[in-house]
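Some notes on the structure that comes next.
The values are calculated or read from the model by the stated rules, or taken from the named source; none is laboratory data. Keep in mind it's a predicted model, so treat the numbers as computed, not measured. Every residue, glycine among them, receives a Cβ derived from its backbone with ideal geometry; neighbour counts consider all protein chains shown. Note: areas computed on protein heavy atoms with side chains; ligands, DNA, RNA excluded. Shrake-Rupley method; radii C 1.70, N 1.55, O 1.52, S 1.80 Å.
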Amino acid sequence: MTTAPVTIRRDESVRKALQMLLKHKLLALPVVDESGRYLGMFLRSRLVSLLLPRIVALEQEIPEVGRLLEVGFMTDSIDDAQERFQVFADQPVGDHVQEDTPVLRPDSPVMNAVLFLYRTRSYLPVVDEASGKLVGVVSTWDVLGKIAGSRA
Amino acid sequence: MSAMWTAVGVLIATYAAVMSEKINRSIVALLGALMMIVLGILSQEQAVEGIDFNTIGLLIGMMIIVSITRKSGVFEYLAIWSAKQVKASPAGILAMLAVVTAVMSAFLDNVTTVLLVVPVTLIITEQLKVNPYPYLFSQILASNIGGTATLIGDPPNILIGTQVGLSFNQFVVNLTPVILIVLVVHVLSMHLIWGRRMTASTEARAKVMAFDERRAITDHRLLKQSLAVLSLVIVAFVSSRYIGLEAGAIGLAGAAILMLLDNVGKSAEHQTENITKVFGEVEWITIFFFVGLFMVIAGVEHTGALRLLADMLVEATGGDLQITGLGVMWASAVLSAIVDNIPFVATMIPLIKAMAPSFGGPDGLMPLWWALSLGACLGGNGTLIGASANLTVAGIAERNGVPFRFLHYTKIAFPLMLIHVAICHVYLLWRFL
């Protein structure tokens, strides 16, 4: 576990989140409120979805929405995608929080951490149940590092 | 007599439970069917005889054909192509997509049609920076209008066609003309209400014009195969009298051939995976809803309750075909706007069949079948809960940030529906009554 991980406050902008994700090369940012309580994750994939037409991003989240096979017929350039992003850039990350990602407790079994890391391909917040505060995060690197260490 | 009341009781309870929407309608229908057997109204054999294979076969066959065909991207191609034909003008696209929706819906299930058209519509309106509401509203109505045109376009028609034994051609000859008129009226009214005031910037329109519809086709081989099978199926429907095949067999045969073409030469595991996916896309909720409903209605029919009700209705209209026909259409329209039209039509069919002696045999009933179809299909446009396509579009729209309110929809849609049914009223009088 990494204690004191990089976090973002819910009232900070999506643009800020993009900069932080890029700077720290992270897959996700834990979103916290003013008192440090954990609210959910801001995922890197969320940023990617903001570059797409809204309905396409939705179909990933809601299975019963009509699916497009692809959007290769659109001739938008990366500038157009950036323009699409600008609409959301100043919104607070609080509006884009993923709340249903798995959360670990300080006493969660190691195997659960491994399973969730495998499933989410992201990294996992560790939250204290009583206070709701973010204690740290567990990343795939933490686990793989331990594995490598035990072999060495 | 007591058996009759028990059966009617089960029917009413089933309908009430379906309307309450507290429990999935397929569960309700199956429980109702089971009640008919457990309470001794039907033996298991009699209950199974009530399930019309023709209806079920056609529904499943078409669902399979569509679920494979859509993988080719042909429907997206059609929607984008049509938008470019009108130089991406917002009003032109509003009209074109209504026509495309109606035509597609005449051959595909309405819900499937809107699931295919709505995502492309939302991409186009997002590019044009115009309000998507008019487009989605128009497509709801167009899907229900287009579905009325053919035997395979809408579940009520599938029910009427397969249960009464009407041919694909009879639907085309008797219903398609008036549906074309209704569609023109629909497109014009959409233009008057919204289209004529809509504008988009030149750059936005240029973006839509830059769409390359050929890129929407993801699988050219599959495209050719599925269009070939789809054409074959339509030809078989049109010539069903000569080749001696009923709709259910044609639909399933088409599905089997398309699955064969799509899987031949692939490994066993790949085939299993493929077919599991295709079967997974069959709407089993609808299928089992039909299965259960058929058994419930068979129970009521068996006790003679429907014949009794039919006699009462004929007596009430004085045995006048004109009054009965128009009565059936208007009652179907208004009821279908409020309740699910599938159970309604499923009950009306044996009821109308029982009226045959009063109207000079089965041939005398023909106008009533068209009246039932027009009323039940078009009536579904009246409110947001009138047909499943309406709710499907509203659901997608809401999540995409386009609110669809029941009253706001009904305020415009209900009067339009009444106009459409009034057109059919004149048509029925002119042609049949």
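Give me a single rounded figure for A:69-79: the average over its residues of other chain Cβ atoms within 10 Å of their Cβ.
Mean partner-chain Cβ count within 10 Å for A:69-79: 6.
Could you state the orientation-averaged shadow area of the convex hull built on the Cα atoms of chain B, in nm² to one decimal?
One quarter of the hull surface, i.e. the mean projection, equals 21.7 nm².
Looking at A:132, B:323, B:67, which one has the Cα that reaches farthest to the positive end of the dipole of the protein assembly as shown (charges on Cβ: Lys, Arg +1; Asp, Glu -1)?
It is A:132, whose Cα lies furthest towards the positive end.
Can you list the aspartates and glutamates whose alpha carbon sits under 19 Å from that of residue A:146, skipping same-chain ones fewer than 8 residues off?
The qualifying aspartates and glutamates are A:107.
So what is the relative contact order for chain A, in percent, with contacts set as C-alpha pairs under 8 Å and at least six apart?
Once normalised by length, the contact order is 30 percent.
Heavy-atom accessible area of residue B:262 with all protein chains present, probe 1.4 Å, nearest 10 Å²?
10
Tell me the Kirkwood hydrodynamic radius of chain A in angstroms, computed as one over the mean inverse distance between distinct C-alpha pairs.
It works out to 16.9 Å.
Rg (Å, one decimal) plus Dmax (Å, integer) for the alpha carbons of region B:327-410?
According to the Cα coordinates of region B:327-410, Rg and Dmax are 15.9, 55 Å.
At 1.4 Å probe size, what's the solvent-accessible area of residue B:45? Round to the nearest 10 Å².
120
So if each residue of separation counts as 0.36 nm, and I subtract the Cα-Cα distance between residue B:188 and residue B:234, what length gain in nm does that give? Intermediate results must be reported in sequence, preceding the final value.
Working: separation 46, 0.36 × 46 = 16.56 nm, distance 2.95 nm.
Fully extending the segment from residue B:188 to residue B:234 adds 13.6 nm.
So what's the gap between the Cα centers of region A:86-145 and region B:151-194, to the nearest angstrom?
Computed from Cα coordinates, the inter-centre distance equals 53 Å.
Can you sort A:107, B:320, A:80 by solvent-accessible area, 1.4 Å probe, largest first?
Order by accessible area, largest first: A:107, B:320, A:80.
For q values of 0.11, 0.19 Å⁻¹, compute log₁₀ I(q)/I(0) with the Debye formula on a Cα-only model of region B:122-215, without solvent.
Taken in order of the listed q values, log10 I(q)/I(0) reads -0.49, -0.91.
Compare the Cα positions of B:299, B:176, B:336 along the charge dipole of chain B (+1 at Cβ of Lys, Arg; -1 at Cβ of Asp, Glu; about the Cα centre) and return the one farthest towards the positive end.
B:176
Using a 1.4 Å probe and ignoring any ligands, DNA or RNA, find the accessible area of residue B:191 and quote it in Å² to the nearest 10.
80
Hey, could you pull the Cα Rg and Dmax for region B:254-407, both in Å?
20.8, 66
Would you work out the relative contact order for region B:1-141, in percent, from Cα pairs under 8 angstrom that are 6 or more residues apart?
It rounds to 16 percent for region B:1-141.
Please give every one of the lysines within straight-line cross-link reach of residue B:84, meaning a C-alpha to C-alpha distance under 19 Å, and leave out same-chain neighbours fewer than 8 residues apart.
B:129, B:207
Mind ordering A:82-88, B:194-200 by average Cβ neighbours within 10 Å, highest first?
Those peptides, ordered most packed to least, come out B:194-200, A:82-88.
Might you tell me the accessible area per residue for region B:46-129, computed with a 1.4 Å probe and given in Å²? Don't jump to the answer; show the numbers that get you there.
Values: 2220 Å² over 84 residues.
Heavy-atom SASA per residue in region B:46-129 reads 26 Å².
Using helices alone, what [θ] at 222 nm do you get for chain B, with -39,500 (n - 2.57) per DSSP H run of 4 or more residues, divided over all residues and rounded to the nearest 500?
Counting only the DSSP helices, I get -25000 deg cm²/dmol.
Give the aspartates and glutamates whose C-alpha is closer than 12 Å to that of residue A:133, dropping any in the same chain fewer than 8 places away, or say none.
Leaving aside aspartates and glutamates fewer than 8 places away in the same chain, those within reach of residue A:133 are A:33, A:34.
Please compute the average number of Cβ atoms from other chains found within 10 Å of each residue's Cβ in peptide B:127-134.
If you average over the peptide's residues, the count of other-chain Cβ atoms is 1.
Per residue of B:204-212, count partner chain C-beta atoms within 10 Å of its C-beta, then hand back the mean as an integer. All intermediate terms of the calculation are to be shown ahead of the outcome.
Numbers: counts 0, 0, 0, 4, 2, 1, 4, 5, 4.
Average per residue, whole number: 2.
Based on alpha-carbon centroids, what's the gap between region B:312-345 and region B:369-422 in Å, whole number please?
For region B:312-345 versus region B:369-422, the Cα centre distance is 19 Å.
What's the Kirkwood radius of the protein assembly as shown in Å, using all Cα pairs? Can you show the working numbers first?
Numbers: mean 1/r = 0.0375 Å⁻¹.
Its Kirkwood hydrodynamic radius stands at 26.7 Å.
Would you mind telling me which residue in B:312, B:295, B:36 has the biggest mean-square fluctuation in a Gaussian network model of chain B, where springs connect alpha carbons within a distance under 10 angstrom?
Answer for the Gaussian network model of chain B: B:312.
Please arrange B:84, B:22 by accessible surface area, largest first, computed with a 1.4 Å probe and ligands excluded.
Result, largest first: B:22, B:84.
Taking accessible area as the heavy-atom solvent-accessible surface of the protein chains with a 1.4 Å probe, which residues of region A:12-56 lose no less than 40 Å² upon going from the isolated chain to the full protein assembly?
The answer is A:54, A:55 - residues whose exposure falls by at least 40 Å² when every protein chain is included.
Which of the peptides B:417-427, B:157-167, B:275-285, B:233-243 is most tightly packed, and how do the rest follow, judged by the mean count of other Cβ atoms within 10 Å per residue?
B:157-167, B:417-427, B:233-243, B:275-285
Less than 14 Å Cβ to Cβ from residue B:263, Lys/Arg counted +1 and Asp/Glu -1: what total charge do the surrounding residues give?
Working: positive: B:71, B:221, B:266, B:277; negative: B:219, B:262, B:269, B:273.
With Lys, Arg at +1 and Asp, Glu at -1, the neighbours total 0.
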